[in-house]
Amino acid sequence: MIAAILWLVSCTGRKTHDLSGVNSVEDLKGYSVAVAMGSSYDLMLSEIDGVDVIRLGVGELLVAVEKGRSDFCIIDQFQARMLNLESRGLGIKFNNILKGTACAGFRKEDSLLCSQFNGYLRGIMTSGEYDRWLDEWKSASDSMADASFLIHKHEQKPGDRALHVGITITYPYLFLKENNLTGIEVDLFNRFCEKAGYPVNYEIYDFSALIPALNSGKIDVILSHMRRTEERAKQVLFSDAYIEGGGAAVCRIGDGVISVERAGLRERLRDSFNNNLIAEQRWKLMADGLWVTVQISVLSILAAVMAGVLLCRLRMSRRHMVSSPTGFVIDVLRGIPLLVILMLMFYVIFASSRITGTWVAVMSFGLYYGAYFSEVFRTGMESVDRGQWEAGFALGLGKFQTFRKVVLPQAMMRILPVLKGEVIALIKMTSVVGYVAVVDLTKASDIIRARTLDAFFPLILVSVVYIILSWLTGLGLKTLERQLTPKSRDL
Amino acid sequence: MIKVKHLKKVFRTPGGGELTVLRDINCDIEKGEVISIIGPSGTGKSTLLRCLNRLEEPTSGVIEVDGKDILDSRTDINQIRRKMGMVFQNFNLFEHLTILDNLTLCPMTLLGRKREEAEKRGMDLLEMVGLHDKAGCLPGELSGGQKQRAAIARCLAMEPEIILFDEPTSALDPTMVSEVLAVIRHLANQGMTMCIVSHEMQFVRDVSTRILFLNEGVVYEEGTPEQIFENPQKPVTRAFINRIRTFESILENRHFDLYGLFGKIHMFCNKYGLGTKVSDKVEHITEEMLCGIMPFCGPVTMTIEYSEKTSGLSMTFRQENTLDSILDNTDEDSLQLMMIRGMSNSVTEPEKGTVCVQLGATSLNCTQY
């Protein structure tokens, strides 16, 4: 119900422009154009004066046009052809923007691997294998029936150097189908790896995070339909081009392309649901993401409680030499935004190690929320009157017994209500782990949005799941709190 | 049973200074005794009590309990504390436990009692302190007096050999003091060894077998209640027992600030509930003595002492640098002396150069209670 209202509201308030005269990049002056942040279209348009460039994630581009936030968006023309744009009231205005070729990216030091890849490319191009393979893909994509059957799977031999490949979901070059990674570029790279004898791991990154990840050693190869530009070439060693591509400018029907009857609201809702969850078993991706979110949340809470207890113990030390540096550490941890801590841990502190994003996230959350928890614990402990300790001691209870039997139960009553809020904040905050190549619930919805270019269903679904998670956690802690609250009884 | 030798306790102040609270305490507590510790505030009565079970760490000295030095690091202090109950000013009941659970926690944890056994004993003790029907309540639901009685019962549940009472009634409403004192009195009658810090003088006098008067970090005077209350030997004890308040002013020469002095006297009288009439009378006598009778052949020290217990007030004027009697050199018929005699009970000169004017309770025309 609420979802339907949101949908209706978001459909209203469009302004109409006459876009019929726009037929090339130069004509875009004076219009607003949505592009993927950091993409080559972004770089190109930034150099043209008078174009209002709106930089968004891949998943938001079509929605921006659909909702009237921008006049055009530029997406890959191959992809544009595959999507059922007419059903969403959109159409392709013109093609072949920045027609060019995509390359794989390597670290500058890694020229050996790069030349190995180049050698492979040259080999299949001269033998004609390349053309045959590309035709297969093109015809498969045109029919849109099932492109994934083409994916070339190869046996991974253990013991070899595993290549870590950073990708961004870009249909149809790299995408998930029935929860399996597939696409033209993935297929090509798999073939190369098989020939060269490398095991291969694909990791999903944001497009803008690929180059930092490459340079920090997190990944060995960028395979993300990346074009060679002067700017990028300063940091990345590009291979020879292996595929042609270009952008399509998409705008709303009626703004310049021939009008087609739009589907009704109910049909559109149903289509959206099918597209985002049912088709290609995308719900599986969401379910996996949810499991990752739950794992990270639980581990992070445990880590944060442990870190919090430790920091609290040190902070409350009577020795000044211990308590004041701890206070400083707590202040530092609380002074840095969580996302920045996460990125620092991933790209700087653990840059050279191959530790997974999940563990980096658990450590970052543990530290950051440990600092917050420790202060909650400290306030709770300090709120228990000194006299309670003394009464325990005077009766002959030892230090730990007094803590365990007298002080802790009383402190917990004061800690839990405050902690509840922090724990729920932590769970919601796990939604940023997508930045360090972890596919959690939020990232899963991003991936689906990048594929379907539809914002509505994935976001609503993700919100609902987070609400349920928070609510369950709150309920659990509330029950615990109720059990700890002392009750008088009849005797 | 407990021997304290040369006990010293120095507190560090936040500013880095040192505050000596106990200088050199020596005392013994024998089985069956009820020892009360009294003295002016800030003399370390509570500190002494808290040193006995090492809630405060003494700076130096020896405390022996049944021949064991409790300050020795090899002594298990928790073992000692089980035999020494303590009742606090602020009760310190465990807020998260019912009254009965407060009583059973330690016997079950430390003495290995079974729950039923501990609860039965707990209920008996609550019966004894009159809280049988409050067993299932939380401490928050009890009045101050009930809390303190429950705290005493909690102490007894550990079957201590001695109980230390740290100002057990100071935090209570006046209406609730007597119910707590009645319980303590009951314990005293049963022969429980106790050590009590209290400001309830009448109670202390009734219940104690021996009284320690603490002043400036030492046991200043020690004796039976009769000795301390009826016939204190030392001046500070006497001042404390009679609750004497003093005012002192040194006047360098004849040209002192009379009206400034009047102001101070007025404030002193006000502070201790003496009315305007009394302060007028005191000011009048001051004026006659200082402006007529005292020769001022050097500085004059004026002291006013007021006993809250007897409501008697005395004024002393001491002339420095004189060998002559002042009253002898004053004309008996002089107007000033006649007026002073008229306003006071007696004017005497106990030693040469010192004139003492006594105003009895009757001449202090004001309400006392």
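The values are calculated or read from the model by the stated rules, or taken from the named source; none is laboratory data. Here the structure is a predicted model, which is why all the values come from computation and not from measurement. All Cβ positions, glycine included, derive from the backbone under ideal geometry; neighbour counts span all protein chains shown.
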Condition set within 22 Å of B:Q319 (Cβ to Cβ) and among the basic types (K, R), scope the stretch B:250-288, selection surrounded by the fewest Cβ atoms within 10 Å (Cβ to Cβ): answer is B:R254
By residue number, the members of the stretch B:146-176 that are more than 13 Å from chain A (Cβ to nearest Cβ), surrounded by 19 or more Cβ atoms within 10 Å (Cβ to Cβ) and either of a type outside the set (D, E, K, R) or closer than 14 Å to B:M192 by Cα (or both) are B:Q146, B:P168, B:T169, B:L172
Looking across the stretch A:226-245 at residues that are polar (S, T, N, Q) and more than 21 Å from A:G123 (Cα to Cα), the single one that is modelled with the lowest pLDDT is A:T229
Checked the stretch B:20-67 for anything surrounded by fewer than 18 Cβ atoms within 10 Å (Cβ to Cβ), small (G, A, S), at negative phi and outside any strand (DSSP E or B); matches are B:S41
Reported set for the stretch B:1-19 where residues are in a loop (DSSP other than H, G, I, E, B) and free of Cβ contacts under 8 Å to residues at least 40 places away in the same chain is B:T13, B:P14, B:G15, B:G16, B:G17
Looking across the stretch A:413-428 at residues that are surrounded by fewer than 21 Cβ atoms within 10 Å (Cβ to Cβ) and under 19 Å from A:V298 (Cβ atoms), the single one that is nearest to the other protein chains (Cβ to nearest Cβ) is A:L416
Log entry, pairs with first residue in the stretch A:474-491 being facing chain B (nearest Cβ under 9 Å) and part of a helix (DSSP H, G or I), second being at pLDDT 85 or above and surrounded by 10 or more Cβ atoms within 10 Å (Cβ to Cβ), beta carbons closer than 6 Å, six or more apart or on different chains, reads A:L484/A:M412; A:L484/A:M413
For A:N118, state whether it is in a helix (DSSP H, G or I) and either surrounded by fewer than 20 Cβ atoms within 10 Å (Cβ to Cβ) or basic (K, R) (or both). yes
**Prompt:** Does A:A279 meet the test of being closer than 22 Å to A:D440 by Cβ, modelled with pLDDT of 85 or more and not basic (K, R)?
**Reply:** no
Note: among B:I70, B:I38, B:I77, just one is aliphatic (A, V, I, L, M) and either in contact with a Pro (Cβ under 7 Å, 6 or more places away or on another chain) or away from every other protein chain (no Cβ under 14 Å) (or both), namely B:I38
Expected single match for small (G, A, S), within 14 Å of chain A (Cβ to nearest Cβ) and farther than 30 Å from B:I25 by Cα among B:G130, B:G136 is B:G136
When restricted to A:V438, A:V340, the only residue more than 14 Å from every other protein chain (Cβ to nearest Cβ) and without any contact (Cβ under 8 Å) to a residue 24 or more places away in the chain is A:V340
Checking A:T442, A:T402 in turn, the sole residue that is in the same structural domain as A:I355 (by TED's automatic domain parsing) and under 30 Å from A:L174 (Cβ atoms) turns out to be A:T442
Within the stretch B:80-107, restricting to residues that are facing chain A (nearest Cβ under 8 Å) and more than 29 Å from the chain's Cα centre (by Cα), the one that is surrounded by the fewest Cβ atoms within 10 Å (Cβ to Cβ) is B:E95
By residue number, the members of the stretch A:378-412 that are facing another protein chain (nearest Cβ under 7 Å) and closer than 29 Å to A:L367 by Cα are A:Q401, A:K405, A:V406, A:P409, A:Q410
Exactly one of B:L181, B:L187 is of a type outside the set (D, E, K, R) and closer than 19 Å to B:L93 by Cα, and that residue is B:L181
Screening B:R74, B:R82, B:R50, B:R115 for residues that are touching a residue at least 60 places away in the same chain (Cβ under 8 Å), over 22 Å from B:C27 (Cβ atoms) and of a type in the set (D, E, K, R) leaves only B:R82
Residue set A:P417, A:P409; condition closer than 30 Å to A:E390 by Cα, in contact with a Phe, Trp or Tyr (Cβ under 9 Å, 6 or more places away or on another chain) and either in contact (Cβ under 8 Å) with a residue 24 or more places away in the chain or part of a helix (DSSP H, G or I) (or both); output residue A:P409
